[in-house]
Protein chains: 2
Amino acid sequence: MTAIQQYRVNLDDRSYDIHIEQGCLNQIGKALTDLFGQANRCLIISNDVVAPLYIETVQQSLEAAGWTVSKHIVPDGEKFKTIATWSDILDSLMDNKLARNEPIVALGGGVVGDMAGFAASAYRRGIPFVQVPTTVLAQVDSSVGGKTAVSHPHGKNMIGAFYQPRLVWIDPDVLQTLAPNQLRAGLAEVIKYGAIWDAEFFAYVREHSKQLHELDIEVISRVIIESCRYKAEIVMKDETEQGARALLNLGHTFGHAIESMTHYTEYLHGEAVAIGMRMAARLSEQLGYAPKGTEEAMVQALKALELPVDVPQFTAEQWLDVMGHDKKNVGSLIRYILLRDIGDAFIAEDVKDEDIQTLIQSFA
Amino acid sequence: MTAIQQYRVNLDDRSYDIHIEQGCLNQIGKALTDLFGQANRCLIISNDVVAPLYIETVQQSLEAAGWTVSKHIVPDGEKFKTIATWSDILDSLMDNKLARNEPIVALGGGVVGDMAGFAASAYRRGIPFVQVPTTVLAQVDSSVGGKTAVSHPHGKNMIGAFYQPRLVWIDPDVLQTLAPNQLRAGLAEVIKYGAIWDAEFFAYVREHSKQLHELDIEVISRVIIESCRYKAEIVMKDETEQGARALLNLGHTFGHAIESMTHYTEYLHGEAVAIGMRMAARLSEQLGYAPKGTEEAMVQALKALELPVDVPQFTAEQWLDVMGHDKKNVGSLIRYILLRDIGDAFIAEDVKDEDIQTLIQSFA
């Protein structure tokens, strides 16, 4: 299955295509011209790991289609996802005097896409941007849906905008150069879709872990397409996360806390989410929502994908504090995504701090 | 005319009321509770000039209605409208752990409203905010319409978002403490509405300049209401400035250049806009769009309002450079708002750099 796959995200005047095609990276120039009517200027934003591998291909494709290309390279890594790095991108946009109709091309993983998207949303109160995701995580999740952000020292992705890209351009071939831990981390978001909505897809991913790690093109393409479809469908239902979109946060409340408490140095985002999904599964059993064995099924799948499942040791107070617990409030206002079963997630508003204490102690 | 005036800005799920009432400042608490269903926490953002005068009234009103109030005070002035000041506001929001449904109350002039609004748009990708404007400029213009921003060293308001407030709460009484130059500067935006759409309103404002400077409550209330109505109507037609809303930039292309070239130290925004409107009027005559006398009518009105009309001396190259001229482009892409007559503005896409050179030289 190496044919072109295209999926439309329908959001009124913010609609756009997700295009998935092996080897399509060097077609981005024509794609942009098709989209914007005529070639003009654009700014590629990438990082210092991805740029040496792929920026020349993208630049040549754009220039061959008549585009005038500027480039801005940010340092690689979650710890540079800051207002300062974002502010540097804005300086580049100002220096290049990009006009309101001239696009940003985000070439990289989730951090690049989120920061480039937030810069696109803010520069002149909004210019177009195009996602060219180069990691599994970005291809199956973060490039679709318009959640853009930078992090704050006290919380991940706390500063940003809902701002949709004008195109998502996915070439699975670029995953060949992805570090194995990055590949694994991305698969956590894939198994998440199965855990939320589709026990069959959950089983498929688990059973094809070997092919996924070997980047079998047929399997990885199917997984990207299915994941994009799930992501697009929930975004179309609930663009700004007033309701159902919150399901995508399965494993993320705990996962963000893990990332924050370990200062973004020990776990990749997907690794933290993997541990967080295990915790959500146990909490679901603990509160009587999910049958016994739900956590075990989650653990087995995560292990098959070579993802971590051991919960790092912090006190319940530390967990609650970083998850947004506020002593001024009566009771807990933290929203957790729990499971009724693998393939059936829901939003729980009534989890008590005591329940979290019990959960944390059970992992001690 | 001291009765309550309310005007609805209809923008689908982003609709809101503009409420104009003498003495309404101490009713803000009840207004917020009516709007949000129940009192919770909020953050008042103000500056070090306005806060000593009015923050206690606002805080007491909110607390009497059951709100838990935090405060964040920014330094007064256009030169603090920066990413750094905005980032400090985000730190306050993080420190106070405001939840996604807890509002910001922006108490101040245009700078406070624009920065508070942009912070509200970005914190958790958007929390509610309420405008409580305390200057003429903010009451007649910037508090309505959802243009939020900070400035970049190389361009005013270049970084921001289209993000609508949930309420605009206007008390004309607070203008009593406004510095006379701030009052005058705000009237530039009032006369602008007349120049764009309504020659009668233009004449009314000019003829009532004495009452406006004396803050005659009947005249100032009428002027605020009419201005808000013009602003709201154009925002409803063109929320994100794809077209007609650009008319509101009459005098602003030149005005922003003046502010930038004088480093925001010599002219208040409205004063720069006044000079900019005079320049736009002369350019309109020069290009044969407007009849002779248009500039003179503009100059007379601005002088009646005690606004400056003398164009500061810079070279045409300096003007063009700061207005976004880019040597890489063939011809000019700068969009000017011109007049066919007082009360009849239009968007001109075809003004040449040479026309600007001629204009600048005519003022030498």
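None of the figures in this text is laboratory data; all of them are computed from the coordinates on show. Since this is a predicted model, take the numbers as computed values, not measurements. Note that each Cβ is placed from the backbone with ideal geometry, even for glycine, and that neighbours are counted across all protein chains shown.
State whether segment A:8-82 is rounded, prolate or oblate according to the following rule on the C-alpha gyration tensor (a ≥ b ≥ c being the square roots of its eigenvalues): a/c under 1.5 gives rounded; otherwise a/b larger than b/c gives prolate, and the remaining case gives oblate. Oblate. Ordering A:Thr135, B:Thr177 by the number of other Cβ atoms within 10 Å of each residue's own Cβ, fewest first, gives B:Thr177, A:Thr135.
Relative to the longest principal axis of the Cα atoms of chain B, the long axis of helix B:353-362 makes an angle of roughly 80 degrees. Taking every residue in B:26-33 and counting other chain Cβ atoms within 10 Å of its Cβ, the average works out to 0. Averaging over all projection directions, the Cα-based convex hull of segment B:38-124 occupies 5.1 nm² in the image plane. When each of the peptides B:284-290, A:348-354 is scored by how many other beta carbons lie within 10 Å of its residues on average, the order from highest to lowest is B:284-290, A:348-354.
Work from the charge dipole of the protein assembly as shown (Cβ charges, +1 for Lys and Arg, -1 for Asp and Glu, about the Cα centre) and give the residue of B:Val205, A:Leu53, A:Phe363 farthest towards its positive end. Projecting each Cα onto the dipole axis, the largest value belongs to B:Val205. Along segment B:199-211 the Karplus relation, 6.51 cos²θ - 1.76 cosθ + 1.60 evaluated at θ = phi - 60°, assigns HN-Hα couplings of 4, 5, 5, 3, 5, 4, 5, 4, 6, 10, 4, 4, 4 Hz to successive residues, with x for each Gly and Pro.
Give me the one-decimal Kirkwood hydrodynamic radius in Å for segment B:161-255, with the sum taken over alpha-carbon pairs. Taking the inverse mean of 1/r over all distinct Cα pairs, segment B:161-255 comes out at 14.4 Å. Sorted from nearest, the other copies put their A:Asn101 label points 4.3 nm away, the label point being 7 Å from Cα in the direction of Cβ.
For the protein assembly as shown, the Cβ-based charge dipole about the Cα centre amounts to some 160 debye (Lys, Arg positive; Asp, Glu negative; other atoms uncharged). Taking other Cβ atoms within 10 Å as a rough exposure proxy, B:Leu98, B:Leu137 sort from fewest to most as B:Leu98, B:Leu137. At a temperature of 4 °C and a viscosity of 1.567 mPa s, determine how fast segment B:180-362 diffuses translationally according to Stokes-Einstein, using the Kirkwood radius over alpha-carbon pairs as Rh; express D in µm²/s, rounded to the nearest whole number. Roughly 78 µm²/s, to the nearest whole number. Using Stokes-Einstein with the Kirkwood hydrodynamic radius over Cα pairs, what translational diffusion coefficient do you get for segment B:41-89 at 10 °C and a viscosity of 1.306 mPa s, in µm²/s rounded to a whole number? In µm²/s, the coefficient is 137. Between identical copies, the spacing of B:Pro153 label points, each set 7 Å from Cα toward the C-beta atom, reads 2.3 nm from nearest to farthest. Per-residue mean of foreign Cβ neighbours for A:62-72 is 0 (Cβ atoms of other chains, 10 Å radius).
Size descriptors for chain B, from the alpha-carbon set: Rg then Dmax equal 20.1, 61 Å. Build a GNM of chain B with springs between Cα atoms under 10 Å apart, and of B:Ser142, B:Ser15, B:Ser121 the one that fluctuates most is B:Ser15. Comparing A:Ala51, A:Ala116, A:Ala99 in a Gaussian network model of chain A (Cα springs below 10 Å), the most mobile by mean-square fluctuation is A:Ala99. Calculated FRET efficiency, B:Asp216 to B:Ala84, Cβ-Cβ distance, R0 = 41 Å: about 0.55 to the nearest 0.05.
Of the residues A:Pro75, A:Ala161, A:Asn10, the one whose Cα sits farthest toward the positive end of the charge dipole of segment A:5-177, with +1 on the Cβ of Lys and Arg and -1 on the Cβ of Asp and Glu, is A:Ala161. So how tilted is helix B:269-286 from the main axis of chain B? Cα-based, degrees 0 to 90, rounded to 10. That helix lies at roughly 30 degrees to the long axis. Over the protein assembly as shown, the Kirkwood radius and the radius of gyration, each from Cα atoms, give a ratio Rg/Rh of 1.01.
Here segment B:86-242 is treated with +1 on each Lys and Arg Cβ and -1 on each Asp and Glu Cβ, and its dipole about the Cα centre works out to around 400 debye. Build a GNM of chain A with springs between Cα atoms under 10 Å apart, and of A:Leu178, A:Leu250, A:Leu212 the one that fluctuates most is A:Leu178.
In percent, how large is the relative contact order of chain A, given Cα pairs closer than 8 Å and 6 or more residues apart? It rounds to 14 percent for chain A. The charge dipole of chain B, taken about the Cα centre with unit charges on the Cβ atoms of Lys, Arg (+1) and Asp, Glu (-1), comes to about 740 debye, rounded to the nearest 20. When only Cα pairs under 8 Å and 6 or more residues apart are kept, what is the percent relative contact order across segment B:180-362? It rounds to 27 percent for segment B:180-362. Answer rounded, prolate or oblate for segment B:69-116, using the Cα gyration tensor with square roots of eigenvalues a ≥ b ≥ c: rounded when a/c is under 1.5, else prolate when a/b is larger than b/c, else oblate. Cα axes put segment B:69-116 in the prolate bin. Between the Cα long axis of helix B:51-64 and the first principal axis of chain B there is an angle of about 40°, rounded to the nearest 10.
Distances between placed amide hydrogens fall under 5 Å for B:Ile159 paired with A:Arg124, B:Val150, B:His152, all partners being 5 or more residues away or on another chain. Shown for A:Arg8: label points 7 Å from Cα along the beta-carbon vector, and their distances to the equivalent points in the other copies, 3.3 nm in ascending order. Each of A:Thr57, B:Thr294 was scored by other Cβ atoms within 10 Å of its Cβ. Listed from fewest to most, they are A:Thr57, B:Thr294. Shielding by partners for peptide B:114-127, expressed as the average number of C-beta atoms from other protein chains within 10 Å of each residue's C-beta, is 4. Just so you know, the Rg over Rh for segment B:5-177 is 0.92, from Cα atoms, with Rh as the Kirkwood radius.
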